[in-house]
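The values are calculated or read from the model by the stated rules, or taken from the named source; none is laboratory data. The structure presented is a predicted model; accordingly, all values stated were derived computationally and were not measured. A quick note on method: Cβ atoms are made from the backbone with ideal geometry, for glycine too, and the neighbour counts reach across all protein chains shown. The protein model used for the area step is the full one, side chains on, heavy atoms only, and it has no ligands, DNA or RNA in it. Shrake-Rupley method; radii C 1.70, N 1.55, O 1.52, S 1.80 Å.
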Amino acid sequence: EFNMLVGAVGRYMGEGAADDGGKWRRYDKYSSVLFPSMQDEYMGSTCILVEDTLSAIVCGYFMPAIPLLGTSLSTSVLSYVTTMYDRIGIALDPDATAKSIKLMKQLGAFRETTLCTFTDDPKNLPLDSIEEGLQLWKLIS
């Protein structure tokens, strides 16, 4: 089950991409969360929500990271993170600070929530900068 391709996530960047806002597309039959942690040691701890798959991959070096594929919180992600994790970090791209604050208020009703303000998109930062930021916001030790 773990060695099968079950779908893909992508974003069309060619001609006409601006016409639909360059939205992320998900190609699979599932509506659940991408990259749920399969490791029991992570359950009940802290996760971080990010905008895109590449940011989830780099933040995933340090903690469970879930890509929103945009800046909106779906009901499946809300249900998953509030069930599986005690603390939630939000690290959207710097141009989405207002959305980050909105998500923080929304999630803060259910769990301890921390706003993580990186200087650039997490996917563009070196790993040591991500680690320093996550330590600064006390999401990792």
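Looking at the range 114-132 only, could you name the residues that are farther than 18 Å from residue 53 by Cα and open to solvent by less than 40 Å² (accessible area, probe 1.4 Å)?
114, the sole residue that qualifies.
Out of 106, 135, I need the residue that is surrounded by fewer than 15 Cβ atoms within 10 Å (Cβ to Cβ), of a type in the set (S, T, N, Q) and either in contact with a Ser or Thr (Cβ under 8 Å, 6 or more places away or on another chain) or under 13 Å from residue 48 (Cβ atoms) (or both). Which one?
On the way: 106 fails: either in contact with a Ser or Thr (Cβ under 8 Å, 6 or more places away or on another chain) or under 13 Å from residue 48 (Cβ atoms) (or both).
From the options 106, 135, the qualifying one is 135.
If you scan the range 56-97, which residues turn out to be open to solvent by 10 Å² or more (accessible area, probe 1.4 Å) and touching a residue at least 60 places away in the same chain (Cβ under 8 Å)?
Matches in the range 56-97: 57, 58, 61, 62, 69.
List every residue pair whose Cβ atoms sit under 8 Å apart, with the two residues 6 or more apart in sequence or on different chains, where the first one lies in the range 129-141 and is modelled with pLDDT under 95 and the second, anywhere, is among the basic types (Lys, Arg).
139/87
Answer yes or no as to whether residue 53 is within 14 Å of the chain's Cα centre (by Cα), over 17 Å from residue 135 (Cα atoms) and buried (at least 17 other Cβ atoms within 10 Å of the Cβ).
On the way: within 14 Å of the chain's Cα centre (by Cα): yes; over 17 Å from residue 135 (Cα atoms): yes; buried (at least 17 other Cβ atoms within 10 Å of the Cβ): yes.
Against the criterion (within 14 Å of the chain's Cα centre (by Cα), over 17 Å from residue 135 (Cα atoms) and buried (at least 17 other Cβ atoms within 10 Å of the Cβ)), residue 53 qualifies.
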